[in-house]
1. State all residues of segment 10-42 that are touching a Phe, Trp or Tyr at 6+ places or on another chain (Cβ under 7 Å) and open to solvent by 60 Å² or more (accessible area, probe 1.4 Å); if no residue qualifies, say none.
2. Of the numbered conditions (1) under 23 Å from SER27 (Cα atoms); (2) open to solvent by less than 50 Å² (accessible area, probe 1.4 Å); (3) in a loop (DSSP other than H, G, I, E, B); (4) not hydrophobic (A, V, I, L, M, F, W, C), TYR85 fails exactly one; give the number of that condition.
3. When you go through (1) among the charged types (D, E, K, R); (2) within 26 Å of VAL11 (Cα to Cα); (3) not in a helix (DSSP H, G or I) one by one for GLU70, which number turns out not to apply?
4. Let me spell it out: the conditions are (1) outside any loop (DSSP other than H, G, I, E, B); (2) modelled with pLDDT of 95 or more, and HIS57 meets all of them except one. Which number is the exception?
5. Looking only at segment 17-49, count every residue that is within 13 Å of the chain's Cα centre (by Cα), part of a strand (DSSP E or B) and closer than 12 Å to LEU120 by Cβ and tell me the total.
6. Criterion first (among the aliphatic types (A, V, I, L, M), under 16 Å from LYS9 (Cα atoms) and at pLDDT 95 or above) does VAL102 satisfy it?
Amino acid sequence: VLALNGKIKEVGEKLFSSNGKEVNFASALESCEKAGGTLATPANEEENEAVLGFVKHYNRYAYLGIKESENVGQFKSINDAPLNYTNWHKYEPSGKGTERCVEMYTDGTWNDKKCNANRLTICEF
């Protein structure tokens with residue numbers, strides 16, 4: 001379970017926290033859910049900046065709570081909400097069905113990625 005002795009950031013109604021661990025997408029999601037939250041899903045630029053703070057602090061790419069939907073090339077949050085905010089890296093998303101998860105780069109932009117890579121766990125509550 002996620003120990004909240006690391007960094008915690010509050011943005012609006014959300015709290016973001018990271019345990020500093022790098023795991024695959026399923027494990028990251030599971031640890032966030034065990035702690036009572038979900039994977040960080042930035043809904044605006046301020047939230048994206050908060051998540052980016054963890055990415056820079058640990059100098060590691062992080063999974064976001066976003067997955068490719070059944071419609072190839074279309075992404076949605078893992079709770080099925082539409083994405084009203086995105087921050088894709090230039091020419092992304094590019095996986096076209098092969099890269100179903102989303103990671104944040106150390107510049108705050110997003111990239112679609114295979115779900116088996118180990119990435120930083122950042123949760124939102």
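1. LEU15, GLY36 - these are the residues of segment 10-42 that are touching a Phe, Trp or Tyr at 6+ places or on another chain (Cβ under 7 Å) and open to solvent by 60 Å² or more (accessible area, probe 1.4 Å).
2. Only one criterion in (1) under 23 Å from SER27 (Cα atoms); (2) open to solvent by less than 50 Å² (accessible area, probe 1.4 Å); (3) in a loop (DSSP other than H, G, I, E, B); (4) not hydrophobic (A, V, I, L, M, F, W, C) is unmet by TYR85, namely (1).
3. Here GLU70 clears every test but (2).
4. The number of the failed condition is (2).
5. Of the residues in that region, 5 qualify.
6. Answer is no for this residue.
The values are calculated or read from the model by the stated rules, or taken from the named source; none is laboratory data. These figures come from a predicted structure and were not determined experimentally. We place every Cβ from the backbone using ideal geometry, glycine too, and count neighbours over all the protein chains shown. These area figures cover heavy atoms from the full protein model, side chains too; ligands, DNA and RNA do not enter into them. Shrake-Rupley method; radii C 1.70, N 1.55, O 1.52, S 1.80 Å.
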